[in-house]
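Reviewing the structure listed below.
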Amino acid sequence: MPRVVGDRLFVPPYYHGALLLQITNDPPGARVVWNRHSTSRSSFNDGLHTVMCTPIWKGHYIYGICGMGELRCLDARTGERVWESDAAVGGKTGNFATAFLVEHQDRLFIWNDQGELILARLTPKGFDEISRAKLLETSENTRGRDIVWCHPAFANRCAYVHNGKDLICVSLASTLKSKA
């Protein structure tokens, strides 16, 4: 899903790479600020190529999960990659590996396709994991990988997650008490 901040529109399609537009009112239209367009699979190592995860835009930085599960940070001003980590998918990268990023205060919940819920911080300096818990087993297989491809839901200080077979509710109350 695209992200809008002010007059900027960030679009991260999988096959074509990331694009940042500036929307104009006078005259109505848009101009390309930067484009990390990929012309072949070999150039997927540039920009951000999302499959299921909506990126997060904080300040001058954009964070998202690429098509092989790589968590990347881009400089929103230039589109250049700042860092990359496979920690969000537990080091199990692969075709369409993914995780869902959900912001909460100064932290982030990451629900990955291996059934793990991660509490972390993302900064321009890197991925800072606070905690990780295996909540569900994988229940499907696609492209040679065992996966969970269900977005989490959050309500009443709880996480609701499912793997296509089981639906569970996990209290986050102790996690949400402080900004640890």
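Read-outs: derived from the displayed coordinates by stated rules, not from any lab. The model shown is predicted, which means the values in this text are computed figures rather than measured ones. Glycine gets a Cβ as well: all are built from the backbone with ideal geometry, and neighbour counts include every protein chain shown.
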I'd like the per residue volume of the convex hull spanned by the Cα atoms of the chain, given in cubic angstrom. 124
When the charge dipole of region 3-151 is computed with +1 on Lys and Arg Cβ and -1 on Asp and Glu Cβ about the Cα centre, the Cα farthest towards its positive end, among Gly115, Ile62, Gly90, belongs to Ile62
If you place +1 on the Cβ of every Lys and Arg and -1 on the Cβ of every Asp and Glu, how big does the dipole about the Cα centre of the chain come out, in debye to the nearest 20? 220
Partner aspartates and glutamates whose C-alpha sits under 20 Å from that of Lys165, ignoring same-chain residues fewer than 8 away, are Asp113, Glu116, Glu137, Glu140, Asp146
Region 1-102 - Rg over Rh from alpha carbon coordinates, Kirkwood radius: 0.98
Non-local amide H neighbours of Ala76 (under 5 Å, H modeled in plane, Pro and chain starts lacking H): which ones? Tyr61, Ile62
Quick check on the exposure proxy: order Ile62, Ile56, Ile118 from fewest to most C-beta atoms within 10 angstrom. Ile56, Ile118, Ile62
